Amino acid sequence: MSPSTWTLEIESPAPAARLFKAVLDWHNLAPKLLPNIVASAVGVQGDGTVGSVRQLNFTSAMPFGYVKERLDFVDFDKFEFKQSLIEGGDLGKKIEAASTQFKFEQTSKGGCVCKVVTTYKPLPGVDNKDEVAKGKEAVTATIKAAEAYVLANPGAYV
């Protein structure tokens, strides 16, 4: 099957630079902000630069136990990064491959718009329509949790 793509735009009152840094550091924030979903997380390899790998371990609230993500691209000046799923999640069960690009664009009101593009290759015969909706919900929850943290902690991710 050929790759499929979904997009999402999320408006936020948080500044682009701070929200970008918080989402890039999600492996440290997630267990604190969403402990009912993310049991633990760890940097598996690297120092946060391209090629680094992080693992998020989930509670029973998720249909799978963990995901490993590799940082494929990061631009600290343009507030964007791309990561690929390399292990866990639905990889090998419903999808052959998946990657997500995040771009945080500053708005004139002081907040930002987070633009998300996810590209995935479904396994033959698998209908991922429900998975796309769940993916959008999960990304929105991640951005909104990071946003709430940044807004409640003015000294964080400056």
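Data overview
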item	result
Top-ranked residue in region 80-106 [being open to solvent by 50 Å² or more (accessible area, probe 1.4 Å) and either β-branched (Val, Ile, Thr) or not in a loop (DSSP other than H, G, I, E, B) (or both); ranked as modelled with the lowest pLDDT]	Glu96
Cβ-Cβ under 9 Å pairs, at least 6 apart or on other chains, region 36-58 side in a loop (DSSP other than H, G, I, E, B), far side among the polar types (S, T, N, Q) and open to solvent by 40 Å² or more (accessible area, probe 1.4 Å)	Gly51/Gln45; Ser52/Gln45
Any hit, region 2-18, residues being modelled with pLDDT under 95, part of a loop (DSSP other than H, G, I, E, B) and surrounded by 14 or more Cβ atoms within 10 Å (Cβ to Cβ)	no
Considering residues of region 36-79 that are among the acidic types (Asp, Glu) and loosely packed, with under 15 Cβ neighbours inside 10 Å only, the residue nearest to the chain's Cα centre (by Cα)	Asp75
Selection within region 121-153 - in a helix (DSSP H, G or I) and more than 19 Å from Pro35 (Cα to Cα)	Lys129, Asp130, Glu131, Val132, Ala133, Lys136, Leu151
Test: residue in region 116-127 that is surrounded by fewer than 19 Cβ atoms within 10 Å (Cβ to Cβ), touching a Pro at 6+ places or on another chain (Cβ under 9 Å) and among the β-branched types (Val, Ile, Thr)	yes
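The values are calculated or read from the model by the stated rules, or taken from the named source; none is laboratory data. Predicted, not measured: the structure shown is a model, and the values here were computed from it. Counting neighbours? That spans all protein chains shown, and the Cβs are built from the backbone with ideal geometry, glycine included. Calculation scope for accessible area: heavy atoms of the full protein, side chains included, ligands and nucleic acids excluded. Shrake-Rupley method; radii C 1.70, N 1.55, O 1.52, S 1.80 Å.
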